1. Determine the gain in length on full extension of the stretch S23-Q39; use 0.36 nm per residue of separation and subtract their C-alpha separation, reporting nm with one decimal.
2. Could you calculate the contour length gain from L133 to D65, that is, 0.36 nm times the residue separation minus the distance between their Cα atoms, to one decimal place in nm?
3. Ranked from highest to lowest mean number of other Cβ atoms within 10 Å per residue, what is the order of the peptides 199-210, 33-44?
4. Report the calculated FRET efficiency for T117 and H16 (r = Cβ-Cβ distance, R0 = 41 Å), to the nearest 0.05.
5. Show that you can apply the helix-only estimate: for the chain, add -39,500 (n - 2.57) for every DSSP H stretch of four or more residues, divide by all residues, and state [θ] at 222 nm to the nearest 500.
6. Distance between Cα centroids, segment 176-224 to segment 139-172: provide it in whole Å.
Amino acid sequence: MIEITGLVKTLYGGGHEVKILKSLDLTIPTGQFLAVTGQSGSGKTTLLSLIAGLDNSTTGQIVIDGQDITKLNEDELALLRGKRFGFIFQNFHLIPTLTALENVVLAAELNSTPGATKKATDLLGTVGLGDRLHHYPAQLSGGEQQRLSLARAFVNEPDIILADEPTGNLDSKNSDRIIELLLELHRVKQATIILVTHEQHVAERSERILTLADGKIASDRLNP
């Protein structure tokens with residue numbers, strides 16, 4: 001599904017050049033659960049942002065199902081993100097003035113997904129928030145807020161889920177529950193999942209582990 005060739009991301013400032021990614025080549029098959037690991041500054045989040053079209057590469061190609069997204073304009077990228085991607089963030093990015101149900105319904109309605117309310121209600125039940133539909137984010141714990149963001153990410157049945165440190169702000173118990181839910185939703189929905197994490201025990205739950213170091217691929221292994 002995703003083919004990355006010669007991907008380079010360079011930042012310029014103060015007369016200096018900093019290469020964040022250095023000519024990455026990577027293929028991610030449809031339906032794979034890939035964990036991307038590495039120390040801070042290794043390029044993990046930059047790679048995720050480039051795949052999502054949230055940032056522009058310096059050179060290189062990112063081809064999704066035969067379409068080179070590096071050649072798309074911002075309107076085309078926005079349409080692509082709405083139709084094909086689901087996002088899970090470390091800091092949740094929920095709308096505080098909307099209830100749990102409304103946060104998920106809004107994501108569906110913005111994408112013109114039919115049956116938005118039923119889908120949102122069903123997904124919230126799946127992630128264990130069926131009795132919290134009308135609670136606001138501030139009334140939910142950190143683990144519950146992240147489960148809410150999982151439901152929001154999957155409501156449009158995207159082909160690709162991009163998760164940036166989804167367990168970074170959670171304790172070990174809630175972290176384990178989020179990963180279990182992510183694995184279950186992956187099994188049921190068959191989406192491709194790219195998860196950025198610095199936690200090795202989280203990465204070990206994936207099908208494949210890619211480790212970045214200094215903007216390059218240090219290791220790439222399948223996880224039995």
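1. This chain segment gains 3.9 nm when fully extended.
2. Contour length minus Cα-Cα distance gives 20.9 nm.
3. The peptides rank, most packed first, as 33-44, 199-210.
4. Between T117 and H16 the formula returns 0.20.
5. -10000 deg cm²/dmol
6. Centre-to-centre (Cα) distance: 15 Å.
Readers should treat all values here as calculations from the given coordinates under stated rules, not as data from a laboratory. Just so you know, these numbers come straight off a predicted model, no measurement behind them. Counting neighbours? That spans all protein chains shown, and the Cβs are built from the backbone with ideal geometry, glycine included.
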